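Where a number appears in this text, it was derived from the coordinates with a stated rule and is not lab data. These numbers come from a predicted model, not from an experiment. Don't worry about glycine lacking a Cβ; one is built from the backbone with ideal geometry, like all the others, and counts go over all protein chains shown.
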Amino acid sequence: MRTIRDLDTVELIIQAQELLDSLRRSERTIDAGTLRALQQSGNYVVGIFENEDGRERMVGASIAFFGVPARRTMHSHITALLPEYRGRGWGRELKEHQRQWAFSREVGNITWTFDPLVARNAHFFLTVLGARVTGYAVNQYGIFGGGDAGDESDRLDVEWALADIAKPPAEDAVVATVEIPGDIETMRVEEPAAAHEWRTALRGRIEEQLARGLRIAGFDAARGYLFVQA
């Protein structure tokens, strides 16, 4: 059994900080004081809990904050699950909870960023959730540890229009594809030099397609990013 609820006590906030730190490994993702401030000011600060034999364990968390009021947006800063809980549909349930929470507060769009090298995220965000890529940034957060393993932090910007979910592009509209490795996260641990080569190679290929006036309109596990005319 699992539940999703607000992190409305100091104890839960500290648990979330520790959980996120364990995923980042080498750096603090967000400190407890900031989490508490976001929660108390009415932003989205929730945890997902596993309940087994009467015992409860936080296994994931999601944090988002409101954007420019006139745009009716939120920015999803972090949504994370412990590795052993991925692939069970829990991440999708957490994002759907975020979607319904936003709807109830008259928010129509949620934005976030993600590493374009991580195939499981590209599939989940673009294919499963139906978010749209709105931009590409080189080394957006600088060089840090954790998921990027000390490499530069290139990111795709996405926007999730909650009442207008994107569909995969028609096959005849796809004019270019750019592949990525199936498991960059394992590669970063076992072959960091090869992972960095992928970073620079992908950067060049994405920038080349964008310079041609194309845009990313979807993702396919076998072919990678699907580009169409902008």
Among the residues listed as Ala221, Ala193, Ala170, the single one being surrounded by fewer than 18 Cβ atoms within 10 Å (Cβ to Cβ) and in contact (Cβ under 8 Å) with a residue 60 or more places away in the chain: Ala221
Residues of region 177-209 satisfying the condition of being basic (Lys, Arg) and within 26 Å of Pro83 (Cβ to Cβ): Arg188, Arg199
Unmet criterion (only one of (1) crowded, with 19+ Cβ neighbours inside 10 Å; (2) over 30 Å from Glu179 (Cβ atoms)) for Asp151: (2)
Test: residue in region 100-110 that is closer than 27 Å to Pro192 by Cα and among the aliphatic types (A, V, I, L, M): no
Residues that are of a type in the set (Gly, Ala, Ser) and surrounded by fewer than 19 Cβ atoms within 10 Å (Cβ to Cβ), drawn from region 55-110: Gly67, Ala70, Gly87, Gly89, Ser104, Gly108
Cβ-Cβ under 8 Å pairs, at least 6 apart or on other chains, region 98-109 side in contact (Cβ under 8 Å) with a residue 24 or more places away in the chain, far side basic (Lys, Arg) and loosely packed, with under 12 Cβ neighbours inside 10 Å: none
